[in-house]
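Report on the structure given below.
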Amino acid sequence: MIVEMVIVGPFQENCYVIGDEDSGTGALIDPGEEAPRVALTVERMGLSISQIIVTHAHIDHVGAIAPLTDEFLCPVLMHEEAEAMLQTAPQQAMMMGMRFGKVPKVDRRIADDEVLEVGNLRLRSLYTPGHAPGHLAFYAEEQEVVFSGDALFAGSVGRTDLPGGSMEVLMNSISERLLTLPDATRVLSGHGPETTIGRERMTNPFLGGGAL
Ligand SMILES: [Zn+2]
Ligand SMILES: [Zn+2]
């Protein structure tokens, strides 16, 4: 699996361009802003984008989907519980003095524990709500990588003060679905640097670091 991170927009969101080297098939995870830079990365990597996969519908993760679907003519996939929030993206943006533009159409709904194929790559969806409704993480078991969205960060966890957030639900998602992954699993999150499940289990202050 080839992966490139593109940090986009005023919220410094991590968009991931992933690809299967054998087939040249790729996917975008959370293209939040700056569609031209994301598209340029895709071109440089020589990938044919088969789908856009969304962890959750906060504006910083979905802002570039519409222009990129125009560009790549590919389906958009997210959990159905995230769709209501997607529809409010223009209002979310306006409250922050920003303009959202076109709300993208969702082509396919992803359930929990579903396997998405990107060429020969396999990504398993992990239902991890608490930060936002219908939040999903995506786990590539063979490559030992999890795309954790805004559920888990290096040294932190997602905020839970936005609509549909719950600290109790988030902590449950993290302990049941993410910390149960092998320690060596690389964590590529929605903001900030890369980490591993083992490092977060040991040191993340929100997870009772050091107690285990
Ligand atoms: Zn978020
Ligand atoms: Zn975010």
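Bear in mind these aren't lab numbers, they're just calculated from the coordinates by the rules spelled out. Keep in mind the model is a prediction, meaning the values are calculated, not measured. For neighbour counting, all protein chains shown are included, and Cβ atoms are generated from backbone atoms with ideal geometry for every residue, glycine included.
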Practice prompt. Those residues that are within 13 Å of ligand 1 (Cβ to nearest atom), in contact with a strand residue (DSSP E or B) (Cβ under 6 Å, 6 or more places away or on another chain) and farther than 17 Å from residue 27 by Cβ, I need them from segment 46-85; list them, please.
Written response: 60
Worksheet, complete the sentence: Going through (1) in a helix (DSSP H, G or I); (2) more than 16 Å from ligand 1 (Cβ to nearest atom) one by one, residue 101 fails only at (1)
Worksheet item: Quick check, is residue 188 within 16 Å of ligand 1 (Cβ to nearest atom), farther than 16 Å from residue 57 by Cα, touching a residue at least 12 places away in the same chain (Cβ under 8 Å) and touching a strand residue (DSSP E or B) at 6+ places or on another chain (Cβ under 9 Å)?
Response: yes
Item to complete: Could you please let me know if residue 157 is more than 13 Å from ligand 2 (Cβ to nearest atom), among the hydrophobic types (A, V, I, L, M, F, W, C) and farther than 11 Å from residue 55 by Cβ?
Response: no
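State which residue is nearest to ligand 2 (Cβ to nearest atom) when the search covers only segment 104-136 and only residues that are outside any loop (DSSP other than H, G, I, E, B) and within 19 Å of residue 64 (Cβ to Cβ).
So the first thing to find is which residues in segment 104-136 are outside any loop (DSSP other than H, G, I, E, B), and the list is 108-109, 115-118, 121-127, 136.
From the residues that got through so far, the ones that are within 19 Å of residue 64 (Cβ to Cβ) too are 108, 118, 136.
Numbers: 108: 22, 118: 22, 136: 13 Å.
Going through the qualifying residues, I end up with 136.
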